[in-house]
1. Filter region A:54-91 for residues that are in contact (Cβ under 8 Å) with a residue 24 or more places away in the chain and assigned to a loop (DSSP other than H, G, I, E, B) and give the result.
2. Cβ contacts < 8 Å: first residue in contact (Cβ under 8 Å) with a residue 40 or more places away in the chain and outside the structural domain of A:Ser150 (by TED's automatic domain parsing), restricted to region A:111-128; second residue buried (at least 19 other Cβ atoms within 10 Å of the Cβ) and hydrophobic (A, V, I, L, M, F, W, C), any location; separation 6+ or different chain. Result?
3. Can you tell me how many residues within region B:165-207 are within 14 Å of chain C (Cβ to nearest Cβ) and among the hydrophobic types (A, V, I, L, M, F, W, C)?
4. Which ones in region B:148-187 are of a type in the set (Phe, Trp, Tyr) and within 20 Å of A:Ser77 (Cβ to Cβ)?
5. Being touching an Asp or Glu at 6+ places or on another chain (Cβ under 8 Å), free of Cβ contacts under 8 Å to residues at least 60 places away in the same chain and at positive phi is the filter here, so list the residues in region C:29-83 that pass it.
6. Can you tell me which residue in region B:83-120 is nearest to C:Thr102 (Cα to Cα), limited to those that are in contact with a helix residue (DSSP H, G or I) (Cβ under 6 Å, 6 or more places away or on another chain) and of a type in the set (D, E, K, R)?
7. What about C:Leu265, is it closer than 27 Å to A:Val259 by Cβ, touching a Lys or Arg at 6+ places or on another chain (Cβ under 6 Å) and buried (at least 22 other Cβ atoms within 10 Å of the Cβ)?
8. Report the residue count in region C:1-57 for those that are part of a strand (DSSP E or B) and either touching a Lys or Arg at 6+ places or on another chain (Cβ under 8 Å) or not polar (S, T, N, Q) (or both).
Amino acid sequence: MIAIETNSLFFSYNGRDFVLKDINLKIAKGETIAIMGENGAGKTTLVKHFNGLLKPTKGEVKVLGKNTKNESVASLSRHVGMIFQNPDHQLFGETIEKEVEFALRNFGFKEEIIERRVKWALELMELSEYRDKSPYTLSVGERKRLTIASVLAYDPDIVIMDEPTAGQDAIQKEKISEIISLLRHKGKTVIIVTHDVEFVVNRIDRVLLMADGHIIAEGDKRDVLTNLELLEKVRLLPPQIPHIAWLLKEEGLLNEHRVLYIDELIKVISSWKMS
Amino acid sequence: MSFLEGFRFRRKNTPLHGLDPRVKFIIAISYTALSLYFIEILPLLITFTSTMVLIVIARSLAEWSRTMRGILPFLIIIFFVNLISVSRERVNYSLSMTLRFASLTSAFSIFFLTTTPDELALAMESSGIPRDYSLMFTMALRFVPTLSRDLQIITDALKSKGFELEKGNIVTRLRNYAYVLVPLIIYEIRRSLMIAEALEARGYGVVKKIDTPYKLKMRTKDWGTLVLTLILTLAVLSLKPLGALPQWAYLKLPEPF
Amino acid sequence: METLVELESLSFKYSGSEKLALNDVNLRACAGEYILLTGPSGCGKSTLSRVLTGLIPHFYSGELYGKAIVAGYDVVKTPTYILAKHVGLVFQDPENQLFLSTVEREIAFGLENLGFKAYEIKNRVERVLEDLGLSFIRDKAPYELSGGQQQKVAIASVIAMEPEILILDEPTANLDPRSADEILDLVSLLVKKKRILAILIEHRLEIAAKYVNRIIIMDKGQIIADGDPRDVLLKPVANIIGIPRVITLFKRIQEIGIKLDKVPLTPHEFVEGLKLLVKTCDSYRNQ
């Protein structure tokens, strides 16, 4: 089942310079996919087509089978939740409780359901004790959790996160990682826009690499994240473990360089010890 | 918003574009003085026509006419309101008021059409206005693209939460925009606090009168134009009190009522 | 080497807050050091940077205890304007620290504020544009620049004032990895060339660890580790921050009996270390 597909998608803001060039992709339901590239590659512009904020200049975008050209942002957003990079751009409630309720109210959920969902979302993000406070009394990390709570509360099928780990410390990143795991477990389609290569290693199935408005490559994370030349092309730094494996291969100490995880590398190195 | 067209700077190479913005401002002020001083129709018409000459020199006729078309509703209102409310010499007085407004608009549009916002900011900084105020203007200008981007992102976020901004009658829509404005204002207030902190860290505020290579310097052509403008303006202004205004300038239109 | 920062028993509480943002901090730092200051969010890193620039106590109110001497000045008794000549602060969001309409004017701004003469300003601006490779964008407006370029301009504007100390508060938070690397490399160059003290507040250790010569870890307002990167990152307390994978790898192979000579901070160092070991093993075996 296809969650999102684009066919020959071109996009331009001013009608002359194309920011997205011939994007063809298919994202299956339940997939966890990372869209990666340096700042300015077009990643955010691309995902804004998935909830109708932007409509194609040429080509088409289909979300859950529906062509986005005929749909409003509101109707698409019911199924596609978008968590923007900066929490302060997306706080619309006077209290944290009202903030989490906001989308639920807009989508016309019944009162009892709203109450239940808000409670669940706040507990999940460990914000229950702050429910009556203003969002601005929270720390930056807490506000980020709030934006996640606001989107998860209305349970969209597809969740898009724009640079979820930017400016976050290790503990916060781990938390976000757990949320992604939870979403995968629930069968959600998760799309993460990021340039954080280390974060992506663990929770993602597939990786899409973008540069200059094009999709340069896409595939299984093991194929993409261990291909140093490819990462170099899109101006991303490789994750450390594949980088080490690649260097070891260069030195003739390793045959297989498509190594992603520490455990795999350790297994190989310990096998040398034997010899 | 087409009437704003005449106030938007376009990059062109004309004598007026290259003139010091402060001199251009004086020119606009001089026109203001002339427009306000004369009540007679023909002098006002001459004043207005001379602004058109400057517009032609600045090769900005197209943008200027868009502005003049844009203020046409105002001109019509001014004419008819005066026509109704004034007791004596209705037609002449209404025409004068209309011409006055047209000249003022035209004069200032010369200024804005030939001056970049940055030059404007620089002019303020170089004109003896306290640094706190001129810098405020410069920074407001610099942050316009930033603000518009923030507005866009907040609107996007709002729409992504299922909120329909464009739905409903005019009253509902205005209320809807509060949902965009409140987070935007809060965001920008917090931004301004961060800016204040950064200004402090950059040593701002102690030295009141700064010495900088980045200030406007008057060149010969600027002084020349300034002197010429002042002489001409004073000469024309002094015609009436000196009794030197020719008869035809006092010509009036017939009053039908 | 000249001591530029002396903090003794430094504690601070923001007005209206119950807990101590800084709790008995002791720190000494000298010229030529490139220090990475890290720790979980809320540990006090930014608070510390504000004390070093005098923003605490002059811009932020609260209760400050202990001693804070920066570039020879007592922070409490010295106005921020004086400290600004000696301590430059680069903030996280480039947008909020670029005030003017062009790069060139931005670099001149700090010098104008400090009362320099026009010709001196012109000279310094040219030098800084040259040194940091920014001449080609001197006339550009901030919104025309990429994030990395904006941060470079922010650094340039601060460096133009020739401070002895440069503090960078999460300068790469909004940058992609390559731009982040360029910025941190640039600071490294500045430390070496100008013998300044640089204090970098960062979370992204995989990028930063290789450039710095000292790491300080903070948690809950206290310094819990302070020393050479290769020592600090091995300590158990370092587990509250994201230690680079290469270090975790080093520790894990050590557990199975493979001990590298030097603690690696980059993939290259790891591989070099492994190569050396293999060579000595081989030569040992061949004896």
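1. A:Leu54, A:Pro56, A:Thr57, A:Leu64, A:Gly65, A:Arg78, A:His79, A:Phe84, A:Gln85, A:Gln90, A:Leu91
2. none
3. 10
4. B:Phe163, B:Tyr177, B:Tyr179
5. C:Gly66
6. B:Glu119
7. So C:Leu265 fits the description; yes.
8. The qualifying residues number 24.
The values are calculated or read from the model by the stated rules, or taken from the named source; none is laboratory data. Note that the structure is a prediction, hence the values are computed from the model and not measured. Note: ideal-geometry Cβ built from the backbone for every residue, glycine included; neighbour counts use all protein chains shown.
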